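The values are calculated or read from the model by the stated rules, or taken from the named source; none is laboratory data. Everything quoted here is computed from the prediction, not taken from an experiment. Cβ placement follows ideal geometry from the backbone for every residue including glycine, while neighbour counts extend to all protein chains displayed. Protein only, heavy atoms only, side chains kept; ligands, DNA and RNA dropped before computing areas. Shrake-Rupley method; radii C 1.70, N 1.55, O 1.52, S 1.80 Å.
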Amino acid sequence: MAAQALPFLRWSRSAASLRARSSTTAAPHRLFSTLRRPAACCEAGSKVMLKGMDYSELENWVQAQGFRPGQSMMLWKCLYGNNVWAHCHDELAGLNKDFRKMITEHADLKALTVKDILTASDGTRKILFSLEDGPVIETVIIPCARGRTTVCVSSQVGCAMNCQFCFTGRMGLRKHLSTAEIVEQAVFARRLFSDEFGAITNVVFMGMGEPFHNIDNVIKASAIMVDDQGLHFSPRKVTVSTSGLVPQLKRFLRESNCSLAVSLNATTDEVRNWIMPINRKYNLNMLLGTLREELCLRKNYRVLFEYVMLSGVNDSMDDAKRLIELVQGIPCKINLISFNPHSGSQFKPTPDEKIIEFRNVLIQGGLIVFVRLSRGDDQMAACGQLGEPGDYQLPLLRVPEKFQVAL
């Protein structure tokens, strides 16, 4: 999701956001596909993928190959620290000859291949990565004049959640990304753009996919990102977003020290059941009740609620008042996000003036509120625009009768 959390700013949308894409309807999908999750090491005799290991696993592997534990840290720093970000064996500077030879014979350093880099008019970059088995994922780099640069990473190829306002959701779920495929998006961001933009300071798991549907690899990847001997992102600046998978949300809050964002987008179950089908399994009461229970155990921790504003659907002043009531007792911030149009979408963006009116009601209700500035929309790099559905697309859901006029 290519966007920055900023105070109120006005923005424009490029007509290129609406460029034609295929709109073929697909067969019904299964919400939770049973896909094999790739491991750092596959069958016997194959090479291990180093970026699929956390430090303890790397240390055990190095020792199993007959080398000293201290050499594990040297390798770790070649992968993630010291401004090296090694992608090939020739870049493993400082390692002894025998150790490098062993790594060359038994390990791979690179999980992704850059297919293309697109530059938006506002300076946002969208990287298209090819995976080893063929699919393409998208990662977005969002520079900010205030010295903060964010990398928005993907966690899946496509997504099973079928959120009606999201272009990625049209794809259905094609593949879970491995730990290495997630981590390397952040490594590439630093490798390719640190000289141009300065430090890459923030990571948001808001690209393609539902991160909590790939929870094992997401928790592991985020832990590698915040390791203080490696990429060393601040846990407060690594934010993982979810549409509301409650069991995985509980696990994340108990196992990870990274930040949490929840894509809320509605104030009634009727609307959320329609635009976010996951609500039919984990409704608003269950989702928000879980957050109240879990966050009472955390100090100095706020969840970020994301709210995509859809004209005539969820942007009334009654919605604003209900939102104030819904989040009572939950330490939080609210990000209001303008809907970014895409081919085949049935929604319209809420006018800027109404977004500000909505924001003001929330502020008067005591909430901390930001209006998120869209970035990269002329290259389909903005929030909700990533992916390429192709010929296979998930079906759009039936629009409730009361909202048919609005659409």
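Among the residues of the range 95-141, which ones are more than 17 Å from the chain's Cα centre (by Cα) and polar (S, T, N, Q)?
96, 104, 113, 119, 121, 130
Can you name the residue in the range 54-97 that is surrounded by fewer than 17 Cβ atoms within 10 Å (Cβ to Cβ), over 22 Å from residue 228 (Cβ atoms) and hydrophobic (A, V, I, L, M, F, W, C) and is also modelled with the highest pLDDT among such residues?
Taking the candidates together, the pick is 64.
Just checking, which of 365, 344 is under 26 Å from the mean Cα position of the chain (by Cα) and either of a type outside the set (Ser, Thr, Tyr) or more than 24 Å from residue 173 (Cα to Cα) (or both)?
None of the other options fit; the residue is 344.
Could you give every pair whose Cβ atoms fall below 8 Å, whose first residue belongs to the range 179-201 and is farther than 17 Å from residue 135 by Cβ, and whose second residue is part of a helix (DSSP H, G or I) and hydrophobic (A, V, I, L, M, F, W, C), counting only separations of at least 6 or pairs across chains?
Between residues of the range 179-201 that are farther than 17 Å from residue 135 by Cβ and residues that are part of a helix (DSSP H, G or I) and hydrophobic (A, V, I, L, M, F, W, C), the close pairs are 183/221; 183/224; 183/225; 186/225; 187/79; 200/186; 200/189; 200/193.
If residue 386 satisfies every condition in (1) of a type outside the set (Phe, Trp, Tyr); (2) under 25 Å from the mean Cα position of the chain (by Cα); (3) crowded, with 22+ Cβ neighbours inside 10 Å; (4) modelled with pLDDT of 95 or more but one, which is the exception?
Failing condition for residue 386: (4).
May I ask you to list the residues in the range 133-162 that are charged (D, E, K, R) and open to solvent by 40 Å² or more (accessible area, probe 1.4 Å)?
Once the filter is applied, which keeps residues that are charged (D, E, K, R) and open to solvent by 40 Å² or more (accessible area, probe 1.4 Å), the range 133-162 yields 133, 146, 148.
Can you name the residue in the range 163-176 that is of a type outside the set (A, V, I, L, M, F, W, C) and in contact with a Phe, Trp or Tyr (Cβ under 8 Å, 6 or more places away or on another chain) and is also surrounded by the fewest Cβ atoms within 10 Å (Cβ to Cβ) among such residues?
Per the stated criteria, the residue is 164.
Would you please name the residue that is surrounded by the fewest Cβ atoms within 10 Å (Cβ to Cβ), looking only at residues in the range 313-349 that are part of a loop (DSSP other than H, G, I, E, B) and aliphatic (A, V, I, L, M)?
So, considering only residues that are part of a loop (DSSP other than H, G, I, E, B) and aliphatic (A, V, I, L, M), the one surrounded by the fewest Cβ atoms within 10 Å (Cβ to Cβ) is 330.
Starting from the range 145-162, take each residue that is under 25 Å from residue 215 (Cα atoms) and list its partners that are basic (Lys, Arg) and open to solvent by 10 Å² or more (accessible area, probe 1.4 Å), counting only C-beta distances under 7 angstrom and pairs at least six apart or across chains.
156/175; 157/174; 157/175; 158/174
Confirm whether residue 324 is within 22 Å of residue 161 (Cβ to Cβ), modelled with pLDDT of 95 or more and of a type outside the set (S, T, N, Q).
For residue 324, the condition - within 22 Å of residue 161 (Cβ to Cβ), modelled with pLDDT of 95 or more and of a type outside the set (S, T, N, Q) - is not met.
Output yes when any residue across the range 151-167 is part of a helix (DSSP H, G or I) and touching a strand residue (DSSP E or B) at 6+ places or on another chain (Cβ under 7 Å), and no when none is.
no
So residue 122 clears everything in (1) under 30 Å from residue 374 (Cβ atoms); (2) open to solvent by 70 Å² or more (accessible area, probe 1.4 Å) except one condition, right? Which one?
Every condition holds for residue 122 apart from (2).
Going by the conditions given, is residue 194 open to solvent by 10 Å² or more (accessible area, probe 1.4 Å) and polar (S, T, N, Q)?
Here the answer is yes, as residue 194 does meet what is asked.
When you scan the range 303-312, do you find a residue that is assigned to a strand (DSSP E or B), crowded, with 16+ Cβ neighbours inside 10 Å and out of contact with any strand residue (DSSP E or B) (no Cβ under 7 Å at 6 or more places or on another chain), even just one?
yes
Could you identify the single residue in 373, 367 that is open to solvent by less than 60 Å² (accessible area, probe 1.4 Å) and assigned to a strand (DSSP E or B)?
None of the others qualify; the one that does is 373.
Got at least one residue in the range 190-201 being under 16 Å from the mean Cα position of the chain (by Cα), of a type outside the set (Val, Ile, Thr) and on the phi < 0 side of the Ramachandran plot?
There is no residue in the range 190-201 that is under 16 Å from the mean Cα position of the chain (by Cα), of a type outside the set (Val, Ile, Thr) and on the phi < 0 side of the Ramachandran plot.
Any residue at all in the range 177-190 that is more than 20 Å from residue 77 (Cα to Cα), among the hydrophobic types (A, V, I, L, M, F, W, C) and open to solvent by less than 10 Å² (accessible area, probe 1.4 Å)?
yes
Quick check on my filter: what residues within the range 248-300 are among the aromatic types (Phe, Trp, Tyr) and touching a strand residue (DSSP E or B) at 6+ places or on another chain (Cβ under 8 Å)?
252
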